[in-house]
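A short write-up of the structure that comes next.
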């Protein structure tokens, strides 16, 4: 079996001075464990890599590797190149097209959390928030001028939040462009 391209989305690193992970250390950790063509994008834990390992095993293997190396547990959500393309292509019509008007985020879900389950914990404020289920993701948009009134942050206290990691639309599409290379 040949290698495939993936993106690993690490949750909760380099946020508010906690769980500091330098990107150079992150890259070298992946490379030392045999992953190939390793690149990182911005400081929030986006790692592009190639692997011949079975896709179903990657999240667990990466979480164990990173905890050994950095000394704290991390949630890792992995998407293949094709899965990430599908996330972008299946976004609701116009999603992310008006960045001055709406803050648009993709909430990546770690199995077994489904978009149907996740939608149940996403509160929306009328006139501010919009959310749509997708395949392994939720799409969430907040009216920029009223984003302080958004209820998106209320997911943080839910048990489901432990199985989510969020990327803005610009980062999501940039990761796809980097994989498309």
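Only a single criterion out of (1) under 22 Å from residue 42 (Cα atoms); (2) surrounded by fewer than 18 Cβ atoms within 10 Å (Cβ to Cβ); (3) touching a helix residue (DSSP H, G or I) at 6+ places or on another chain (Cβ under 8 Å) is not satisfied by residue 104, namely (2). Take the conditions (1) touching a strand residue (DSSP E or B) at 6+ places or on another chain (Cβ under 8 Å); (2) over 24 Å from residue 25 (Cβ atoms); (3) outside the structural domain of residue 113 (by TED's automatic domain parsing); residue 92 misses just one of them, which is (3).
Among the residues that make up the stretch 61-74, is at least one of them closer than 28 Å to residue 147 by Cβ and surrounded by fewer than 12 Cβ atoms within 10 Å (Cβ to Cβ)?
Just the residues of the stretch 61-74 that are closer than 28 Å to residue 147 by Cβ, to begin with: 74.
Okay, now just the ones that are also surrounded by fewer than 12 Cβ atoms within 10 Å (Cβ to Cβ), so none.
No, because not a single residue in the stretch 61-74 is closer than 28 Å to residue 147 by Cβ and surrounded by fewer than 12 Cβ atoms within 10 Å (Cβ to Cβ).
Under the condition of being touching a helix residue (DSSP H, G or I) at 6+ places or on another chain (Cβ under 9 Å) and exposed (fewer than 15 other Cβ atoms within 10 Å of the Cβ), the residues counted in the stretch 126-159 number 2.
The values are calculated or read from the model by the stated rules, or taken from the named source; none is laboratory data. Keep in mind that this is a model prediction, so the values were computed, not measured. Backbone-built Cβ (ideal geometry, glycine too); neighbour counts: all protein chains shown.
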